[in-house]
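Since the structure comes first, as structure tokens, the remarks are kept for the end.
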Amino acid sequence: MTLPGRLLRFALALLPAALVSACATAEGWRGVDSERAYEVAAAQSPARAQAPATYFEIHRDGRILVFSQADAYQSWRRTGEISQVLTQVGAGPHGETLIFQLTAAEAGQGEGSGAAQRLFGGELMGIEAGFHGEIHRRDAVWIFTRGSLLREFQLRGYATCVTSAATGGTSSRPVRLVQGCAAASVSTPRAVLARHRRWADLPE
């Protein structure tokens with residue numbers, strides 16, 4: 001799916017909420033920051049209790065592999081295999097083949113129901129506290145500590161307040177840690193980088 005297509009799907013998904021918000025306030029539309037605050041609140045609500053805690057997106061050899069579960073990602077790193085997937089040939093933003101990891105329950109629910117696919121397409125947002133997301137591209141490995149930060153990166157194509165981190169990473173690519181502007185001035189959290197190394201089977 002192209003970036004404009006993903007933006008359109010995201011905008012359509014938010015349209016009902018945006019209309020309600022605009023009607024309920026004298027100020028109407030309050031801008032990107034207010035919409036982000038709304039999404040964060042929604043992600044933390046009981047209705048979103050099943051929002052994913054992890055996300056891994058790997059760009060490799062004309063394919064984009066997407067995982068919503070850390071154990072499935074780690075297993076793929078070790079074996080090169082994914083037990084259950086949904087494959088969409090040529091559906092990536094530049095014609096890549098998309099491969100979405102599925103859980104056993106998602107495999108029987110049909111296309112469009114898997115958390116990995118919905119996270120990639122902007123139809124689902126990961127949790128805030130305790131979230132760990134990674135996007136592995138040719139230029140860098142991006143690590144996100146909140147679901148809303150991953151969403152912003154997907155929509156805008158860039159991140160603000162980025163911290164460079166030395167992890168002995170998965171390749172010669174630099175590691176970019178995205179944890180929000182308030183946290184970016186603090187030292188890089190060791191726990192986040194430790195998870196990155198552990199799930200990638202890198203030495204501690």
Self-check item: Among the residues listed as Arg138, Arg118, the single one being within 21 Å of Val85 (Cβ to Cβ) and either open to solvent by 30 Å² or more (accessible area, probe 1.4 Å) or touching a helix residue (DSSP H, G or I) at 6+ places or on another chain (Cβ under 7 Å) (or both)
Solution: Arg118
Quiz prompt | Residue in region 68-83 that is farthest from Ala53 (Cα to Cα), counting only those that are assigned to a helix (DSSP H, G or I) and open to solvent by 70 Å² or more (accessible area, probe 1.4 Å) | solution = Thr79
Quiz item: In region 92-110, what residues are exposed (fewer than 11 other Cβ atoms within 10 Å of the Cβ) and more than 25 Å from Arg156 (Cβ to Cβ)?
Solution: Ala104, Ala105, Gly108, Gly110
Practice problem: Considering (1) surrounded by 15 or more Cβ atoms within 10 Å (Cβ to Cβ); (2) aliphatic (A, V, I, L, M); (3) at pLDDT 95 or above, say which one Val89 fails and leave the rest. | Solution: (1)
Exercise. Could you tell me which numbered condition Gly168 fails, if it satisfies all but one of (1) at pLDDT 80 or above; (2) on the phi > 0 side of the Ramachandran plot; (3) touching a Lys or Arg at 6+ places or on another chain (Cβ under 9 Å)?
Key: (1)
Quiz item: Of everything in region 123-165 that's in a loop (DSSP other than H, G, I, E, B) and among the β-branched types (Val, Ile, Thr), which residue is farthest from Gln74 (Cα to Cα)?
Solution: Thr160
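The values are calculated or read from the model by the stated rules, or taken from the named source; none is laboratory data. Quick caveat, the model's predicted, so the values are computed rather than measured. No Cβ is skipped: glycine too gets one built from the backbone with ideal geometry, and neighbour counts run over all protein chains shown. These accessible areas exclude ligands, DNA and RNA; they are computed on the full protein's heavy atoms, side chains included. Shrake-Rupley method; radii C 1.70, N 1.55, O 1.52, S 1.80 Å.
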